[in-house]
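What follows is a single structure, written as structure tokens, with notes after it.
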Amino acid sequence: MTRRTTIGIAMNGVTGRMGYRQHLLRSILAIRADGGLDLGDGRLLWPEPVLVGRDEHRLRAIAERHGLERWTTSLDAALADPLTEVYFDAQVTPAREKALRAAIAAGKHVYTEKPTAESLAGALELARLAREAGVCNGAVQDKLFLPGLLKLKRLVGSGFFGRILSVRGEFGYWVFEGDWQSAQRPSWNYRAEDGGGMVLDMFPHWRYVLDEIIAPVRSVYAHSATHVPVRRDEHGAEYRVTADDAAYGIFELEGGVVAQINSSWAVRVDRDELVEFQVDGTEGSAVAGLRECRFQHRAGTPKPVWNPDLPATEDFRAQWQRVPDNGEFENGFRAQWELFLRHVATGAEYRWDLLEGAKGVQLAELGARSAREGRRLDVPALEL
């Protein structure tokens, strides 16, 4: 007989786009819509969210929209509730560290968006506090669960590439300035004082993608820029951009692999997907995006010849094959939520803890320093 076990989750930041769409709607509420999470031991885990935030009207509207009863504007009240076992944070970055500290002190298991803190010292302190408190802890590393990158990891694991030589990544799109068309990202993303900035936003992602799929990052050289210096906010008011909106990074990985990743909110897309990584190796190459992954083996590599006096006649894209799905892929945020909840409920293995999250903050901090100083910096190993 299946027994239903309820787990209370205080979800802070669900009025934001990412917190609402990916974490509440497509993860926790999706698990509930499917009847709960089967733990495989005769128990069905039922997540009971408590919505936390500063805006009472928006919280109430979300709760009413989805038939949820519990919400509060008091983080202290949410953490004091004995029914709350997990605290989740999707707030703006400057508010995150203090809230996570409070949750750990209250004995709650913690799961958080990245970056886990504004500084490496803060991120490491959070990891240390969680370890000393003996609470389960995790950092969101959603891109590892994207279908395209799962397929790429499958190729790497099979030895398809031979010796991997290089990685080239392109990420971003044009974010409207907010004058004649409203911006599709919140204005705080472009204010450094509010935790905005491309390096702080994306380098933590690139850290776990490179570390887990290709090889550990050993050094970084970065250049950041503010390409669009003036924007308009959600109310139409003009403001000066104080954060970088583009970052260009060169990363040396273990084994001599060179990775170059461009990230920009001021680029127009001429790619199949909004993010693409090309991996080249001695035996083959692959291009992975959000959902698709194409490959070309050494034996099927054509022989291009440079001749600028004649028009190109080859369809280069047609010379690649697609990696088949060979299975179903669920939402990446939900997939990681399920792993974390299993970890809390059963003690199942879970490796993306706050120390892993601190590695992303470390790379962002070193990347920002590299951009300021104009030099390559080593990425040392992290320990608590």
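How many of the residues making up segment 40-60 are outside any strand (DSSP E or B) and more than 23 Å from the chain's Cα centre (by Cα)?
Total meeting the criteria: 10.
State which residue is nearest to A288 (Cα to Cα) when the search covers only segment 178-190 and only residues that are surrounded by fewer than 19 Cβ atoms within 10 Å (Cβ to Cβ) and free of Cβ contacts under 8 Å to residues at least 60 places away in the same chain. Break it down stepwise before answering.
So in segment 178-190, the residues surrounded by fewer than 19 Cβ atoms within 10 Å (Cβ to Cβ) come out as 179-188.
Imposing the further condition that a residue be free of Cβ contacts under 8 Å to residues at least 60 places away in the same chain reduces the set to 179-184, 187.
Working: D179: 34, W180: 34, Q181: 31, S182: 30, A183: 27, Q184: 25, S187: 30 Å.
The extreme case among them is Q184.
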Within segment 225-273, restricting to residues that are in a strand (DSSP E or B) and aromatic (F, W, Y), the one that is nearest to L210 (Cα to Cα) is F251
Being over 22 Å from Q336 (Cα atoms), surrounded by fewer than 20 Cβ atoms within 10 Å (Cβ to Cβ) and free of Cβ contacts under 8 Å to residues at least 40 places away in the same chain narrows G195, G256 down to just G256
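Go over the candidates V167, V175, V156 one by one and state the one that is outside the structural domain of V86 (by TED's automatic domain parsing), crowded, with 21+ Cβ neighbours inside 10 Å and not acidic (D, E). Full working, then the answer.
Details: V175 fails: crowded, with 21+ Cβ neighbours inside 10 Å; V156 fails: crowded, with 21+ Cβ neighbours inside 10 Å.
Residue meeting the stated conditions: V167.
Taking the conditions exactly as written (assigned by TED's automatic domain parsing to the domain that holds A288, within 21 Å of the chain's Cα centre (by Cα) and free of Cβ contacts under 8 Å to residues at least 40 places away in the same chain), does D211 satisfy them or not? Break it down stepwise before answering.
On the way: assigned by TED's automatic domain parsing to the domain that holds A288: yes; within 21 Å of the chain's Cα centre (by Cα): yes; free of Cβ contacts under 8 Å to residues at least 40 places away in the same chain: no.
Taking the combined requirement at face value, the residue does not satisfy it.
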For this session: Can you confirm whether segment 68-75 contains a residue that is surrounded by fewer than 21 Cβ atoms within 10 Å (Cβ to Cβ) and assigned to a helix (DSSP H, G or I)?
Result: no
When segment 312-359 is checked residue by residue, the ones that are farther than 30 Å from A133 by Cα, among the aliphatic types (A, V, I, L, M) and surrounded by 13 or more Cβ atoms within 10 Å (Cβ to Cβ) are V323
Over segment 16-39, the set of residues touching a residue at least 60 places away in the same chain (Cβ under 8 Å), assigned to a helix (DSSP H, G or I) and out of contact with any strand residue (DSSP E or B) (no Cβ under 6 Å at 6 or more places or on another chain) is R17, M18, G19, Q22, H23, R26, S27, A30
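The values are calculated or read from the model by the stated rules, or taken from the named source; none is laboratory data. Every value quoted in this text rests on a predicted model; they were computed, and no experiment measured them. Ideal geometry is used to build each Cβ from the backbone, glycine not excepted, and the neighbour counts take in all protein chains shown.
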